[in-house]
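The structure appears below as structure tokens.
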Amino acid sequence: MDMVGATVTLRSYQEAALESALEALEQGEHPVISLPTGSGKSLVIAALCEALEGRILVGTHRQELLEQDAAQLGRYAEDAASGIYSAGLRRREDQARVIFGGIQSIYRRMDAVQQAGPLRYVIVDECHRVPPPSEPSMYGTVFEACPGAQRIGLSATPYRLNDGLLHEGDDTWFTRMPVHIGIRDLTPQWLAPLVGVLTAHDIDVADVRTRLGEFVPRDLSQSACEEDALQGALDELSTLAAARQHWLLFCVDVNHSRLVHAALEERGITSEIILGETPQEERRAALERFRTGTSKALVNCEVATTGFDIPTIDCIAMLRPTMSKGLCVQMLGRGTRQARGKTDCLVLDFAGNIERHTPLDDLMDIIELVQGGSDEL
């Protein structure tokens, strides 16, 4: 679908996703669009905003996603009447036809948002974060404030922690999944393959308690910070990923992240660390050093998952065990974007996540696990 004045156009699978979503909307559904990380969900959102009539709210939980989605609409349709509503970005543009809203900022301001006219559609980027209607939530408040609006969700992982699909059952905001495109469908033409090894070191979770379907953070951190586990994993990482240029490491919590960062520096590996508490300007500077290759590794805790876009990442090191299949897939997805000179992404799973969640939908046809943790494919 070519747009006059547009600087980007849809790929064939994005066109198919758009058509299927529009058909579901015509039938009165509240559809979920399942597209893998790196497939261009922001462009599909832009195409939806341009194709649909009436006022639209695009809601999500992170500033980076808001800016990314809004910028993509501008590239796709240069004359699109859009605005951003986000306290963190210091913008409150609530009169536009298409509003990109931070869920934390907008859920109490739905009356103001609809003064210029009722919303006809609410699009949720990363909709796996939407709790069911039975649980009070900011998203639920938004949906209830515009009962006449159709809901559209997009996610690479369209299921909850317990693996239930977002559109299945009675307790859900969505009613159908007309689009489900997996990583396998787009690899290697549009996505970089994932290549993994079975590592010799891993984090022992035998004595780690669970609560509400996930490992107890305090117990998990204690196990992950054990000297032998931490140093052994980083020794192995340093050897197996020596030829890789952009390492992304997922850690358990702040303390674990800092220990990993310090251990990398001790090995002479330049690295950055970003945490939830990292100031915005400091975070931007760290990410820029990582993007440009000034620093080889990026250590993070609960930051570099959804909405994190650095295509050159060619090594994923999972040092964070999780019982959430969605979180596991989100971590792996950070390495699937294509970049010049990148042929694949090495996956080193020191957390046992791949084995824990096998089969990982279509990922297991792409990740070839080599026994022994010593021979890279």
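The values are calculated or read from the model by the stated rules, or taken from the named source; none is laboratory data. In this text, all values refer to a predicted model and were calculated from it rather than measured experimentally. Here the Cβ positions follow ideal geometry from the backbone for every residue, glycine too, while neighbour counts run over all protein chains shown. Each accessible area value is taken on the protein alone, full model and side chains, heavy atoms only, with ligands, DNA and RNA left out. Shrake-Rupley method; radii C 1.70, N 1.55, O 1.52, S 1.80 Å.
In the range 211-280, what percent of the accessible surface is made up of carbon and sulfur (1.4 Å probe, ligands and nucleic acids excluded)?
Working: 1700 of 3270 Å².
For the range 211-280, the apolar C and S fraction of the accessible surface comes to 52 percent.
Summary of the geometry: the range 186-204 and the range 13-63, compared by the centres of their Cα atoms, lie 29 Å apart.
Per residue, how much accessible area does the range 243-366 show when a 1.4 Å probe rolls over the protein heavy atoms, in square angstrom?
Details: 4680 Å² over 124 residues.
Per residue, the range 243-366 has an accessible area of 38 Å².
Considering only beta bridges that DSSP places wholly inside the chain, some 10 percent are antiparallel.
For Glu272, the amide hydrogen comes within under 5 Å of the amide hydrogens of Ala297, Leu298, Val299, counting only partners 5 or more places away or on other chains and with H modelled in the peptide plane. Near the amide H of Phe100, within less than 5 Å, lie the amide hydrogens of Val58, Gly83, Ile84, Tyr85, all on another chain or at least 5 residues away, with H placed in the peptide plane. Of the trypsin sites (Lys or Arg not before Pro) in the range 166-241, the ones in a loop by DSSP (not H, G, I, E or B) with at most 15 other beta carbons within 10 Å are Arg209. Taking a straight line from the alpha carbon of Lys296, these lysines sit under 17 Å away, with near neighbours fewer than eight places off in the same chain left out: Lys342.
Please list the three semi-axes, largest first and in whole Å, of the ellipsoid equivalent to the chain, using sqrt of 5 times the eigenvalues of its alpha carbon gyration tensor. If you can, show how the numbers build up before the last one.
Values: eigenvalues 256, 93, 85 Å².
They are 36, 22, 21 Å, listed from largest to smallest.
These residues, Lys296, Lys41, go from largest to smallest accessible area, 1.4 Å probe, as Lys296, Lys41. Springs join every pair of Cα atoms under 10 Å in this Gaussian network model of the chain, and among Asp349, Asp207, Asp309 the largest mean-square fluctuation is at Asp207.
Nearest 5 is fine: what % of DSSP beta bridges in the range 1-135 come out antiparallel, could you say? List each step's numbers first, then the result.
Values: 2 of 16 bridges.
Around 10 percent antiparallel, to the nearest 5.
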